[in-house]
Amino acid sequence: MTTLFTTTEVRSTVQLLASRSLIRLVTEIDDNGAIPPRRSAATLPDLSTHQLRHATETARARGLVRTAPGTGLELTDAGSELADLYDEVARWSRRHASPSPVCEFSNRVRYVLDLLTLSLATESAESCARLSAACVPGVEAEEGLSRPYALLLQWMAANPQVTALPESEPAA
């Protein structure tokens, strides 16, 4: 299976999606609704002002959130789909007790996204199954990361505004 993305685009996009502050922002809005104006810091007290500002600016620039008059910061369709992707990869991680049986949601998401990055870079669903079986004890290849892999590819293809590198970010 050949993807439509370069290795640089994949790594850049997954690095962005694996940001703890972005995961927290997107999942908070998905779970609890829009964040009222000037209530971000109180809603997400575990994030510093800098982390919160960076996550919000990044999410806005990539079309994941928008400010709705009267309600505050809410998810766009792309942001809602990203929240669904986060839920799916966290479910996979929980089911396989990876990276550990007890783990914070954002760490679960980041762990699986890191595994998927390796597979996407090699552009093969089969390598994804082999990789997950090799990296997660007790995981058979057929129950590997095939579904999260497919969902991530679909999400990236449907959201080119997120996968495209902004002018200010150098291609590594």
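The values are calculated or read from the model by the stated rules, or taken from the named source; none is laboratory data. What you see is a predicted model, and the numbers here were worked out from it, not measured in a lab. Cβ placement follows ideal geometry from the backbone for every residue including glycine, while neighbour counts extend to all protein chains displayed.
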Residue under question is Tyr86, and the condition is that it be crowded, with 16+ Cβ neighbours inside 10 Å, free of Cβ contacts under 8 Å to residues at least 24 places away in the same chain and part of a helix (DSSP H, G or I); does it hold? no
If you go through region 42-80 one residue at a time, how many are under 13 Å from Gln161 (Cβ atoms) and not aliphatic (A, V, I, L, M)? 8
If we ask which residues in region 53-74 are among the β-branched types (Val, Ile, Thr) and either assigned to a strand (DSSP E or B) or on the phi > 0 side of the Ramachandran plot (or both), their number turns out to be 2
Which residue out of Ala78, Ala61 is among the small types (Gly, Ala, Ser) and in contact with a Leu (Cβ under 9 Å, 6 or more places away or on another chain)? Ala78
When every residue in region 3-20 that is of a type in the set (Gly, Ala, Ser) and in contact with a Lys or Arg (Cβ under 9 Å, 6 or more places away or on another chain) is compared, the one farthest from Asp114 (Cα to Cα) is Ser19
Among the residues of region 46-61, is there at least one that is among the β-branched types (Val, Ile, Thr), crowded, with 19+ Cβ neighbours inside 10 Å and in the same structural domain as Leu151 (by TED's automatic domain parsing)? no
Between residues in region 1-19 that are under 19 Å from Gly79 (Cα atoms) and of a type outside the set (D, E, K, R) and residues that are at pLDDT below 75 and part of a helix (DSSP H, G or I), which pairs lie under 8 Å by C-beta distance while being six or more apart or on different chains? Val10/Leu120; Val10/Ala121; Val14/Leu120
Listed residues Ala134, Ala129; which is closer than 18 Å to Ala97 by Cβ, at pLDDT below 85 and not in a loop (DSSP other than H, G, I, E, B)? Ala134
Matching residues in region 18-52 - criterion: being on the phi > 0 side of the Ramachandran plot and of a type in the set (S, T, N, Q): none
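This table checks each residue for (1) surrounded by fewer than 21 Cβ atoms within 10 Å (Cβ to Cβ); (2) touching a Pro at 6+ places or on another chain (Cβ under 8 Å); (3) within 18 Å of Asn159 (Cα to Cα).
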{"site": "Ser21", "(1), (2), (3)": "no, no, no"}
{"site": "Ile35", "(1), (2), (3)": "no, no, no"}
{"site": "Leu44", "(1), (2), (3)": "yes, no, no"}
{"site": "Thr71", "(1), (2), (3)": "yes, yes, no"}
{"site": "Asp77", "(1), (2), (3)": "yes, no, yes"}
Tell me, yes or no, whether region 49-61 has at least one residue that is more than 20 Å from Asp114 (Cβ to Cβ), within 12 Å of the chain's Cα centre (by Cα) and modelled with pLDDT of 95 or more. yes
